[in-house]
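Trainee: Got a structure for you, written out below as structure tokens; questions coming shortly.
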Amino acid sequence: MRFGKGFYKEFEDGLEREWVITNGIGGYGGSTIINARARKHHAYLVASLHAPVLRYAVLDKTDEQVKIEDKIYSFAANMRVGGWNDEGQNYLQSFEYQEVPEFTYQAEGFFVKKTIAMEWEKNTVAISYDIMNGSKEAEFSIKPLLTFRDHNLRLKDYEFDFEESFEDEHTFKFVPNTYKKDRVNVRVYCSEGTFAESEEKFDLDAVLLTEIKTGGESVINSYTPYDIKISVKPFEHKKVSFVCSVEDEFCRDAFATVETAKTRIRALKEKAGFEDDFASTLAAAADQFIVQRESTGKKTILAGYPWFTDWGRDTMIAFTGLTLVTKRFEDARGILKSFAMYVKNGLVPNMFPDEDLEPLYNTVDGSMWYFYAVKKYLEYTGTDSDYTFIKNEIYEKLEEIIHFYEHGTDFSIYMDRDGLVSAGGGFDQVTWMDVRVGEWVVTPRHGKPVEVNALWYNALKLMEELSAKFGKVSEYGKTTQEYAAMAEHTKESFQKKFYNEKQECLYDVVSDEGNDDKIRCNQIYAVSLPYSVLEPEMEKKVVHKVINELYATYGLRTLNADNPEYQPYYRGKLHDRDAAYHQGTAWAFPLGALVTAYVKVTKNDENQDFVRAYAKNLIRPLQDHLMDGCIGQIAEIFDGNEPNISRGTYAQAWSVGEILRAYSEDILG
């Protein structure tokens, strides 16, 4: 993907597209395509000091310039207080993102290609500078903008408290005194040049436009003690390595790190085996979410960049697309085991906090999605050894979950006499529509949510199948006949209580206090999941209702536009955004379920070419989205109304996972 000057004719145009790179342990780097920061999470090196959490920005970025004779060309792009900008993007010939980001600058025949990559499973960022000079002698300068801050925060100028030293002529080291958990040694290495003291020790009050729009802290400060000055002779071709790391041992050859990163991503694409460019790009995007968790020694999935950690619900929804479609089966096993280790009272963790604290368990659907992940794992693998893995490592946890859901567990989760699962009460928000603002529960879905009970039926059907193979393996186990009877009871009640004859779709929540007839995207899972809980004619009506009233280019609206509570735009301060989060905002991940559901209900249609083409039309706009927002990624959410601008996290695991799964299974076949 290549972006020339036409994509950043004006400074603010260049802030609309971002990029991200990752290191497999929760660390990441990112900025915009013109190298101007737009949010506080933009930094070349955000180190994860306890994988995949405790994330600290270490190197905000580097700015470059070239001096040719007596004229200086600054490549720095920054928005400044007072409304003026450093317009270095004027010298940016192109930004490219294939496997890693590459900037190409030119001034007076002086060319430099700047490529950025992270060393895998290390908190190290490498920048290679490939310089090709013209006919005049030049001095190329690199200005590192240093910091040490929680990636969600900023530092004021008086908060920079570092011990500083030079290890050798090429390596500058600083140790932040403000970090009390452990000693962190940050090293800045450059393969050649002179570290010259800067006239200005701080880069203060750079403006962050995205933070302004969302009500966040709108300026950021960096520490700039040195400029690295490098002489370049006429017609010289020079290669310079710049590296910043918090590791004691790291690769000092930036070109080698860049090539290793490229080779690794190409290998992942090859392993996934797609000839289709869209699917292949998503397979590479998937890799950025799969990380190592130090506390378990196994893989987990980060829900989204730049601020989410690993969430149980998000992990299980994204699981199929990220690990199975891409043939990363060892990672899949690790993720299943990792979450099984933390099942408590039948609940899969909803979130692992940023510190060494107990996981949070406030979810009713996380455990249900865990069954779906197991089902899909066996569908994609299915050898005797895979069934043995599930029996020995996972199955007793599945028995435990069913037992606690049947007899009752935390957060008012229990199976009612009608065989349906009820959950939540008071201020508890236990479904994925979980926003609460103080004492205002924005989407109170207490009772029996539609997707939870579709998942519950699917969990019981899976247990019916697996119990026939495994029998009982724990005190919580049941016979095949018992699981079958529970499933049939649930199905009968589901069809009787959830189908809304008047609107020809499903109620969002049923309860003793009344049924919620808001038209929401949750109902699509009653059709898309592997085991059908509805009759075929009901399924068709649900699919058509969702397409007609909830489809919104890049995803599905969380509420239909005719509802008086509908919020068409997700923007402004946090309170305003929270009010819209599940009240009209479109989410990408349920679009995967819609595509699957549509293909399912039309499987007997004579014109299957039309079916496949229609399904592809539903998903096609996301191919364009890969060139927008965060390059090569899919955002968390979009405005419900046109032009459906992307919002929230710029890269979301379940968005990528579900779109890749549906595209692979239902369109590519």
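The values are calculated or read from the model by the stated rules, or taken from the named source; none is laboratory data. Just so you know, these numbers come straight off a predicted model, no measurement behind them. Here the Cβ is made from the backbone with ideal geometry for all residues, glycine too, and neighbour counts use every protein chain on show. Surface accessibility is based on the protein's heavy atoms, side chains included, excluding ligands, DNA and RNA. Shrake-Rupley method; radii C 1.70, N 1.55, O 1.52, S 1.80 Å.
Residue by residue, here is whether (1) closer than 30 Å to R328 by Cα; (2) in contact with a helix residue (DSSP H, G or I) (Cβ under 8 Å, 6 or more places away or on another chain) holds:
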| site | (1), (2) |
| --- | --- |
| E192 | no, no |
| S198 | no, no |
| K229 | no, no |
| V246 | yes, no |
| A267 | yes, no |
| G273 | yes, no |
| F278 | yes, yes |
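Trainee: Out of F329, F274, which single residue is aromatic (F, W, Y) and crowded, with 19+ Cβ neighbours inside 10 Å?
Mentor: F274
Trainee: Got a number for residues in the range 613-659 being open to solvent by less than 10 Å² (accessible area, probe 1.4 Å), among the polar types (S, T, N, Q) and closer than 23 Å to E99 by Cα?
Mentor: 4
Trainee: Give just the number: which of (1) modelled with pLDDT under 95; (2) closer than 22 Å to K337 by Cα does G426 not satisfy?
Mentor: (2)
Trainee: Hey, can you tell me all the residues within the range 119-133 that are open to solvent by 10 Å² or more (accessible area, probe 1.4 Å), part of a strand (DSSP E or B) and closer than 18 Å to T260 by Cα?
Mentor: Of everything in the range 119-133, just one residue is open to solvent by 10 Å² or more (accessible area, probe 1.4 Å), part of a strand (DSSP E or B) and closer than 18 Å to T260 by Cα, namely D130.
Trainee: Right, something else. Would you pick out the residues in the range 62-75 that are open to solvent by 10 Å² or more (accessible area, probe 1.4 Å) and either touching a residue at least 24 places away in the same chain (Cβ under 8 Å) or of a type in the set (A, V, I, L, M, F, W, C) (or both)?
Mentor: Scanning the range 62-75 gives D63, Q65, K67, E69, K71, I72, Y73.
Trainee: Do you know which of the residues in the range 234-251 that are assigned to a strand (DSSP E or B) and among the β-branched types (V, I, T) is nearest to P176 (Cα to Cα)?
Mentor: Per the stated criteria, the residue is V243.
Trainee: Here's something else I'd like to know. Can you name the condition, by its number, that P530 falls short on among (1) surrounded by 20 or more Cβ atoms within 10 Å (Cβ to Cβ); (2) under 18 Å from A597 (Cβ atoms)?
Mentor: Of (1) surrounded by 20 or more Cβ atoms within 10 Å (Cβ to Cβ); (2) under 18 Å from A597 (Cβ atoms), only one is false for P530: (1).
Trainee: Limited to the range 224-247, what total is found for residues that are under 21 Å from D161 (Cα atoms), of a type outside the set (V, I, T) and open to solvent by 10 Å² or more (accessible area, probe 1.4 Å)?
Mentor: 3
Trainee: Taking I116 as the residue in question, decide whether it is surrounded by fewer than 21 Cβ atoms within 10 Å (Cβ to Cβ), at pLDDT 95 or above and β-branched (V, I, T).
Mentor: no
Trainee: Can you list the strands (runs of 3 or more DSSP E) found entirely within the range 162-233 that contain at least 1 residues being over 30 Å from H50 (Cα atoms) and hydroxyl-bearing (S, T, Y)?
Mentor: Those strands (runs of 3 or more DSSP E) span 194-197, 226-232.
Trainee: Where residues in the range 49-60 are under 16 Å from the mean Cα position of the chain (by Cα) and assigned to a strand (DSSP E or B), which of them is farthest from T147 (Cα to Cα)?
Mentor: Only one residue fits best here, namely V53.
Trainee: Something else now. Please go through the range 430-465 and give me each residue that is of a type in the set (D, E) and either within 19 Å of G408 (Cβ to Cβ) or modelled with pLDDT of 95 or more (or both), ordered by number.
Mentor: Result: E451, E464, E465.
Trainee: Hey, another quick one. Just to check your reading of the model, which residue among T300, T296 is surrounded by 21 or more Cβ atoms within 10 Å (Cβ to Cβ), in contact (Cβ under 8 Å) with a residue 40 or more places away in the chain and either outside any helix (DSSP H, G or I) or not β-branched (V, I, T) (or both)?
Mentor: That would be T300, the only listed residue that is surrounded by 21 or more Cβ atoms within 10 Å (Cβ to Cβ), in contact (Cβ under 8 Å) with a residue 40 or more places away in the chain and either outside any helix (DSSP H, G or I) or not β-branched (V, I, T) (or both).
Trainee: Where residues in the range 536-580 are assigned to a loop (DSSP other than H, G, I, E, B) and of a type in the set (D, E, K, R), which of them is surrounded by the fewest Cβ atoms within 10 Å (Cβ to Cβ)?
Mentor: Looking at residues that are assigned to a loop (DSSP other than H, G, I, E, B) and of a type in the set (D, E, K, R), I get D562.
Trainee: Going by the conditions given, is E192 open to solvent by 60 Å² or more (accessible area, probe 1.4 Å) and modelled with pLDDT of 95 or more?
Mentor: Spelling it out, it is not the case that E192 is open to solvent by 60 Å² or more (accessible area, probe 1.4 Å) and modelled with pLDDT of 95 or more.
Trainee: Of the conditions (1) β-branched (V, I, T); (2) closer than 22 Å to S241 by Cβ; (3) open to solvent by less than 10 Å² (accessible area, probe 1.4 Å), T22 satisfies every one except a single condition; which number is it?
Mentor: It is condition (3) that T22 fails.
Trainee: Specify which of the listed residues (A283, A267) is of a type outside the set (S, T, Y), part of a helix (DSSP H, G or I), at pLDDT 95 or above and crowded, with 22+ Cβ neighbours inside 10 Å.
Mentor: A283
Trainee: Which ones in the range 501-514 are surrounded by fewer than 19 Cβ atoms within 10 Å (Cβ to Cβ), out of contact with any Lys or Arg (no Cβ under 8 Å at 6 or more places or on another chain) and modelled with pLDDT of 95 or more?
Mentor: E501, K502, listed by residue number.
Trainee: Condition (residue is closer than 20 Å to V527 by Cβ and without any contact (Cβ under 8 Å) to a residue 60 or more places away in the chain) applied to the range 428-438: is it met by at least one residue?
Mentor: No - not one qualifying residue is present in the range 428-438.
Trainee: Are any residues in the range 171-187 open to solvent by less than 50 Å² (accessible area, probe 1.4 Å) and without any contact (Cβ under 8 Å) to a residue 60 or more places away in the chain, and if so, which ones?
Mentor: T171, F172, K173, F174, V175, P176, N177
Trainee: Okay, moving on. In this structure, is K136 open to solvent by 70 Å² or more (accessible area, probe 1.4 Å), within 25 Å of H237 (Cβ to Cβ) and either among the charged types (D, E, K, R) or in a strand (DSSP E or B) (or both)?
Mentor: yes
Trainee: Also, quick follow-up: Check off (1) in a strand (DSSP E or B); (2) open to solvent by less than 30 Å² (accessible area, probe 1.4 Å) for K143 and give me the number that stays unchecked.
Mentor: (2)
Trainee: While we're on this one: Somewhere in the range 625-637, is a residue without any contact (Cβ under 8 Å) to a residue 60 or more places away in the chain and over 18 Å from C521 (Cβ atoms)?
Mentor: Checking the range 625-637: not a single residue is without any contact (Cβ under 8 Å) to a residue 60 or more places away in the chain and over 18 Å from C521 (Cβ atoms).
Trainee: Further question: Looking at the range 377-384, is at least one residue open to solvent by 40 Å² or more (accessible area, probe 1.4 Å) and either under 22 Å from A285 (Cβ atoms) or at pLDDT below 95 (or both)?
Mentor: yes
Trainee: Out of (1) part of a strand (DSSP E or B); (2) in contact with a Leu (Cβ under 8 Å, 6 or more places away or on another chain); (3) of a type outside the set (D, E, K, R); (4) closer than 20 Å to Q288 by Cα, the odd one out for G26 is which?
Mentor: Going through the list (1) part of a strand (DSSP E or B); (2) in contact with a Leu (Cβ under 8 Å, 6 or more places away or on another chain); (3) of a type outside the set (D, E, K, R); (4) closer than 20 Å to Q288 by Cα, G26 breaks only (1).
Trainee: Sticking with this structure for a sec: What do you reckon, is Y105 in a strand (DSSP E or B) and either without any contact (Cβ under 8 Å) to a residue 40 or more places away in the chain or open to solvent by 10 Å² or more (accessible area, probe 1.4 Å) (or both)?
Mentor: For Y105, the condition - in a strand (DSSP E or B) and either without any contact (Cβ under 8 Å) to a residue 40 or more places away in the chain or open to solvent by 10 Å² or more (accessible area, probe 1.4 Å) (or both) - is not met.
Trainee: Can you give me the number of residues within the range 459-482 that are buried (at least 21 other Cβ atoms within 10 Å of the Cβ) and without any contact (Cβ under 8 Å) to a residue 24 or more places away in the chain?
Mentor: Adding up the residues that qualify gives 2.
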